[in-house]
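Worksheet: the structure to be examined is printed underneath.
The values are calculated or read from the model by the stated rules, or taken from the named source; none is laboratory data. Not measured: the values here are computed from a predicted model. Please note: Cβ atoms are built from the backbone with ideal geometry, for glycine as well, and neighbour counts cover all protein chains shown. With ligands, DNA and RNA removed, areas are computed over all heavy atoms of the protein, side chains included. Shrake-Rupley method; radii C 1.70, N 1.55, O 1.52, S 1.80 Å.
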Amino acid sequence: MEGNRYTGLIGAYGARLPLKAGARPISLGEGNTPLIRLHNLPLARERDIELYVKYEGLNPTASFKDRGMTVAVTQAVAEGSEAIICASTGNTSASAAAYAARAGIKAFVLIPDGKIAMGKLAQAIMHGAEVLQIRGNFDDGMRIVKEMVDQAPVSLVNSVNPFRLQGQKTAAFEICEALGKAPDYHCLPVGNAGNITAYWMGYSEMALAPGHPGTRACSFCGGDCAFHENLVRNRPTMLGYQASGSAPFLRGGPVSHPETLATAIRIGAPQSWEYARTASSESGGWFDEFTDEAILDAQFQLASHEGIFCEPASIVSLAGAMRDIEKGNIPPGSQVVCTLTGHGLKDTDVAQRHAEAAVTTVDADGSAVREAILGKMG
Ligand SMILES: Cc1ncc(COP(=O)(O)O)c(C=O)c1O
């Protein structure tokens, strides 16, 4: 028998990534995440919607960031870098810390004061990163790390580093390979706006013919793409969703004091603003927003009806799809993919607000437990 161990994105898609020749892959086996068909949401069934979630919480550090980080850190190491730096709402810091540990280099991460899920902070610390908590928000951190690359020997691994989005585009490849085509609609949470840009780049590479002008949303090639494969015929309409307190795409410009309990997308000045708007307009898409209450409700609905636990920021993709299905913006019979960007276990503080309400305390004897079971069976 011949083994065929999966070795991560660079192993799977190296020929479609612009890495330095001979670069040693820094990988934790990221990618190859499941595309799960949802069956239990009545509205999707009624409207004959083929609804899927791309469960990116099953990456090595439990978020989609690992796709970008394997490529960015591989390139940084190939260029001789011995330290990386990022600003983060949590997931980027966890991923940067893990890939730096894997590479044997140093990671510096800047996180906003007090507004980061504890699971993510624990990851960064456990992976040995130098964690700098700034008295400011993500947007302040982003401004500072961009200054630092000129002042210290560190490589920036936020999504302004084009190698990040090159890695993240591979999720679109996997979806096309799984479905045999691109979906009709692709729904994503939007924070710094890198991921929606990356998916659109990936779908464009899958669909467009070699020599055809590419998407103008690519910061790497600016439309002169060397990776067009023409393997599928269609590209999806890209739908981006934000938290109402941090919704610059809905407000038409930066939000100076972003707020939401979905801390991963608590971002007021997205770095990929122009690219995300290009992805949206080239695909005929739109943006929408959700209150924190709606976010929590949707997170619980997915976890309790489909068995999939994602973090609060992630769920806005599915909440958005459901609203657009209901309104008829997504027509009956459509094929829809929603990216669930991070795992729910990263942010259990928020989830436990539901869990506490659902716990019943009983005496430690069989009859009390039996009573409780029968009472709950209805
Ligand atoms: C879980 C999660 N979802 C969504 C996002 C938003 O992705 P982007 O910043 O690429 O728009 C982030 C960004 O940190 C995230 O951590």
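A few notes on this one:
- Segment 139-155, residues that are surrounded by fewer than 11 Cβ atoms within 10 Å (Cβ to Cβ) and in contact with a helix residue (DSSP H, G or I) (Cβ under 9 Å, 6 or more places away or on another chain): none
- Residue in segment 277-290 that is free of Cβ contacts under 8 Å to residues at least 24 places away in the same chain, among the hydroxyl-bearing types (Ser, Thr, Tyr) and more than 14 Å from the ligand (Cβ to nearest atom) present: yes
Okay, residues lined up against (1) more than 24 Å from Ile144 (Cβ to Cβ); (2) of a type outside the set (S, T, N, Q); (3) within 13 Å of the ligand (Cβ to nearest atom):
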site: Pro162; (1), (2), (3): no, yes, no
site: Lys169; (1), (2), (3): yes, yes, yes
site: Ala172; (1), (2), (3): yes, yes, no
site: Gly191; (1), (2), (3): no, yes, yes
site: Gly223; (1), (2), (3): yes, yes, no
site: His228; (1), (2), (3): yes, yes, no
site: Val255; (1), (2), (3): no, yes, no
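- Qualifying residues in segment 82-102 (those that are open to solvent by 20 Å² or more (accessible area, probe 1.4 Å) and out of contact with any Gly (no Cβ under 8 Å at 6 or more places or on another chain)) - the one farthest from Gln151 (Cα to Cα): Arg102
- Helices (runs of 4 or more DSSP H) wholly inside segment 305-378 containing at least 2 residues that are open to solvent by 10 Å² or more (accessible area, probe 1.4 Å) and either assigned by the TED database to the domain that holds Gln242 or under 22 Å from Ala198 (Cβ atoms) (or both): 312-327, 348-358
- Taken over segment 272-297, residues that are surrounded by fewer than 20 Cβ atoms within 10 Å (Cβ to Cβ) and part of a loop (DSSP other than H, G, I, E, B) amount to 2.
- Test: Glu30 is acidic (Asp, Glu), in contact with a Gly (Cβ under 9 Å, 6 or more places away or on another chain) and open to solvent by 10 Å² or more (accessible area, probe 1.4 Å): no
- Among the residues of segment 165-220, those that are aliphatic (A, V, I, L, M), in a helix (DSSP H, G or I) and surrounded by fewer than 20 Cβ atoms within 10 Å (Cβ to Cβ) comprise Ala178, Leu179.
- Enumeration of residues in segment 131-164 that are among the hydrophobic types (A, V, I, L, M, F, W, C) and assigned to a strand (DSSP E or B): Val131, Leu132, Ile134, Leu156
- All positions within segment 241-260 that are farther than 14 Å from Leu188 by Cα, assigned to a loop (DSSP other than H, G, I, E, B), of a type outside the set (S, T, N, Q) and open to solvent by less than 40 Å² (accessible area, probe 1.4 Å): Gly253, Val255, Pro258
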